[in-house]
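Student: What follows is a structure written as structure tokens; I'll ask about it next.
The values are calculated or read from the model by the stated rules, or taken from the named source; none is laboratory data. Since the structure is predicted, the reported quantities are computational estimates derived from the model, not experimental observations. Don't worry about glycine lacking a Cβ; one is built from the backbone with ideal geometry, like all the others, and counts go over all protein chains shown. The accessibility values were calculated without ligands, DNA or RNA, using every heavy atom of the protein model including side chains. Shrake-Rupley method; radii C 1.70, N 1.55, O 1.52, S 1.80 Å.
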Amino acid sequence: MKIINIEGDVLNQVINAMKESDLLSDLSENSLTQIAGRAELNRFDPEEVIITESEPSDSFYLMISGEVSILCKQELSDETIELGRVKPFRVIGEMGLLLEEPRSATVRAVEDSLLLKFDSSLFDYMFENIPAFGSAISKNLARRVQQLSARIPLPRYEKEAGTPTRDVVLMLPINFIIRHRVLPLSV
């Protein structure tokens with residue numbers, strides 16, 4: 001990883017990328033310039049790890065250029081699977097900051113990539129001092145949930161099916177049911 005100074009043409013490139021981002025596009029030019037001045041621009045080579053799964057969440061990134069791969073280890077084996085790829089103007093790593101949880105996946109550069117890094121103190125600053133940021137992050141997360149929901153065909157629950165039996169409910173740990181807000185209905 002190499003840190004690049006954000007000035008001159010690079011500053012213009014960063015601000016233009018921020019304007020293209022769903023998360024930052026509603027912010028004023030002044031806010032974008034102020035944020036860019038506090039952020040860090042990182043260049044990653046192909047195969048270089050940007051985020052490591054299960055490490056503490058201390059920042060999030062905006063893709064400026066390049067492409068990264070989102071990787072996750074399977075729980076029952078040590079096999080790593082690719083969940084997807086992220087291209088410019090998308091944000092990665094913000095969920096861990098919002099939830100104050102460890103990283104849920106590893107992110108690795110597929111090609112030469114520029115990413116704008118926002119550390120946790122800048123994230124907090126943006127929430128506290130830029131009202132449009134909180135609204136934008138809410139819309140971004142709602143859009144992501146909507147997209148995921150559309151990809152997962154779930155059967156509609158019918159009240160006539162009755163209440164799940166005790167043995168069905170006990171198939172999942174209660175902490176899992178509460179945390180993920182799910183309830184098994186039948187086998």
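Student: Only strands (runs of 3 or more DSSP E) wholly contained in the range 32-151 count here; list those with 3 or more residues that are of a type in the set (Val, Ile, Thr) and either within 24 Å of Met1 (Cα to Cα) or touching a Ser or Thr at 6+ places or on another chain (Cβ under 8 Å) (or both).
Tutor: In the range 32-151, 49-51, 80-86 are the strands (runs of 3 or more DSSP E) which contain 3 or more residues that are of a type in the set (Val, Ile, Thr) and either within 24 Å of Met1 (Cα to Cα) or touching a Ser or Thr at 6+ places or on another chain (Cβ under 8 Å) (or both).
Student: Tell me, which residue of the range 152-161 that is part of a loop (DSSP other than H, G, I, E, B) and over 28 Å from the mean Cα position of the chain (by Cα) is modelled with the lowest pLDDT?
Tutor: Of all residues in the range 152-161, those part of a loop (DSSP other than H, G, I, E, B) come to 152-158.
Of the ones still in play, those that are also over 28 Å from the mean Cα position of the chain (by Cα) are 156-158.
Working: Arg156: 70, Tyr157: 66, Glu158: 72.
This residue is Tyr157.
Student: Looking only at the range 162-177, decide whether some residue is open to solvent by 50 Å² or more (accessible area, probe 1.4 Å), of a type outside the set (Gly, Ala, Ser) and under 22 Å from the mean Cα position of the chain (by Cα). Outline the logic, then answer.
Tutor: Of the residues in the range 162-177, the ones open to solvent by 50 Å² or more (accessible area, probe 1.4 Å) are 163, 165-167, 170-176.
Remaining after also requiring of a type outside the set (Gly, Ala, Ser): 163, 165-167, 170-176.
Next, only the ones that are under 22 Å from the mean Cα position of the chain (by Cα) stay: 176.
Yes, the range 162-177 contains a residue that is open to solvent by 50 Å² or more (accessible area, probe 1.4 Å), of a type outside the set (Gly, Ala, Ser) and under 22 Å from the mean Cα position of the chain (by Cα).
Student: Further question on the same structure: Residues being part of a helix (DSSP H, G or I), in contact with a strand residue (DSSP E or B) (Cβ under 7 Å, 6 or more places away or on another chain) and under 19 Å from Tyr125 (Cβ atoms): count how many of those fall in the range 9-31.
Tutor: 2
Student: List every residue pair whose Cβ atoms lie under 9 Å apart, where the two residues are 6 or more positions apart in sequence or sit on different chains, the first residue falls within the range 97-112 and is on the phi > 0 side of the Ramachandran plot, and the second residue, located anywhere, is in a loop (DSSP other than H, G, I, E, B).
Tutor: Glu100/Ser57
Student: Let me ask another. Can you tell me which residues in the range 7-31 are closer than 18 Å to Val91 by Cβ, of a type in the set (A, V, I, L, M) and either surrounded by fewer than 17 Cβ atoms within 10 Å (Cβ to Cβ) or modelled with pLDDT of 95 or more (or both)?
Tutor: Val14, Ile15, Ala17, Met18, listed by residue number.
Student: Pairs please, first residue from the range 155-179 and closer than 21 Å to Leu99 by Cα, second anywhere and at pLDDT 75 or above and hydrophobic (A, V, I, L, M, F, W, C), Cβ atoms under 7 Å, 6+ apart in sequence or on different chains.
Tutor: From the range 155-179, the pairs are Ile177/Leu183.
Student: Here's another thing I want to ask about it. Taking the stated definitions as given, is Val91 modelled with pLDDT of 95 or more and among the β-branched types (Val, Ile, Thr)?
Tutor: no
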